[in-house]
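The values are calculated or read from the model by the stated rules, or taken from the named source; none is laboratory data. All values derive from a computational prediction rather than experimental measurement. Positions of Cβ are backbone-derived with ideal geometry, glycine not excepted, and every protein chain shown enters the neighbour counts. Each accessible area value is taken on the protein alone, full model and side chains, heavy atoms only, with ligands, DNA and RNA left out. Shrake-Rupley method; radii C 1.70, N 1.55, O 1.52, S 1.80 Å.
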Amino acid sequence: MRVVSLGSGSSGNALLVEAGPQGRTKLLLDAGLSTRTLATRLASVGISLSQIQAILITHEHSDHVLALPQLINRYAFPVVANSKTLRAIQDGLRSGVWRTDAGRTVAAKIQVEESVSYIPVSAGKEVEVTTTSLEASSTIVELDHPESGDTLERATPQAQLTFPHQILPIGAHLTIGDIEVTSFAISHDATAPCGYLLHAGGCRICLVTDSGEVTPAMLEQMQHADLLILESNHDRERLVRGPYPWHLKRRILSPTGHLSNDQAGEAILQIWREVGMRWLWLAHLSRTNNTPALALESMRLYLRSANINPAHIRISALPPTMGQVWDSTQLWL
Ligand SMILES: [Zn+2]
Ligand SMILES: [Zn+2]
């Protein structure tokens, strides 16, 4: 199994995972970079987009799906996600409007040179964004309590999904080539966000980013990982004292926001076993409210506080650009 971080953070997230003989199964986890950047970074590790078999999506925020409109147009590989996230992607494809991790909306702009970039169209609050999105859809139906706006949900029948897809309900398993995928719920202000545990050849990797809290169900999946890719978004103090507007700070700190360095450290102590995880990638670091050095030092402090030998775990902080490469053969060395 080989894992390559192609980008991590609010400027765009994507991971390449390869498994099987000669790495014959190739998946992307999220595609939050421009198509050109994604292609260039994949090429630097000898892979072309045409070799990808499927793209797993954690949630529909633009830093996780930026390349999807173009990829869907050009390639036949399925988008794998739960049905609610697939419907949110369908709405984004139809309207050209996506939400960012900071709660703004952006519109897709297909440029002449065929790279996708996004332009801000609103600085509105989350609630306004959601309302606009609902009103823009022509397929609103009433659910349990027709009088309550909170219970309205867009009904896009599966038949209306106009792109190749594979539904993977949260909590379910799916085998894609040589890789078994398990999806599990995380806590974030997207439609139905999830993390993934990937299993191949006796190795497991687990991806948990964009979550405001760590739940027992998440810990249950994380504890199986040989390589854990865990969000360490911000230093709490730095965020609170920093330049962000208060509504954004409150959102990031909320149970559906992003994990702090402290939350990441506490989570690791809860799942630590002497024979367990050996590699930890700290991911989705904020450029404003964190630094790689801060995130790494915070995690090491937590490990020291529990008398965990730092030689037993290799920790890296993922950069927003091309990042770490992990090969499961390291497990046997
Ligand atoms: Zn994100
Ligand atoms: Zn997000």
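Between Thr100 and Arg250, how high is the FRET efficiency from 1/(1 + (r/R0)^6) when r is the Cβ-Cβ distance and R₀ = 22 Å? Nearest 0.05.
Efficiency at R0 = 22 Å is approximately 0.85.
Run the quick spin-label model on Val240 and Asn309: label points 7 Å from Cα toward the beta carbon, then report their separation in nm to one decimal.
Result: 3.7 nm between the two label points.
For the stretch 1-88, give the share of DSSP beta bridges that are antiparallel, in percent and rounded to the nearest 5; count only bridges with both residues there.
Once the DSSP bridges in the stretch 1-88 are tallied, antiparallel ones form about 65 percent.
Describe numerically, in nm with one decimal, the distance between label points set 7 Å from Cα along Cα→Cβ at Thr321 and at Leu219.
According to this spin-label approximation, the distance is 3.8 nm.
What figure, in Å² to the nearest 10, do you get for the accessible area of Val240 with a 1.4 Å probe and non-protein molecules left out?
Answer for Val240: close to 70 Å² accessible.
What's the FRET efficiency of Thr288 with Ala172 using the Cβ-Cβ distance as r and R₀ = 30 Å, to the nearest 0.05?
E(calc), rounded to 0.05, equals 0.25.
Taking the simple approach of a point 7 Å from Cα along Cα-to-Cβ for both Ser48 and Arg2, what is their distance in nm?
Placing both labels 7 Å beyond Cα along the Cβ direction yields 1.6 nm.
Residue separation times 0.36 nm, minus the C-alpha to C-alpha distance between Leu301 and Glu266: what's the value?
11.5 nm
Once you have the Cα-Cα distance between Gln22 and Arg36, take 0.36 nm times their residue separation minus that, and quote the gain in nm to one decimal.
2.5 nm
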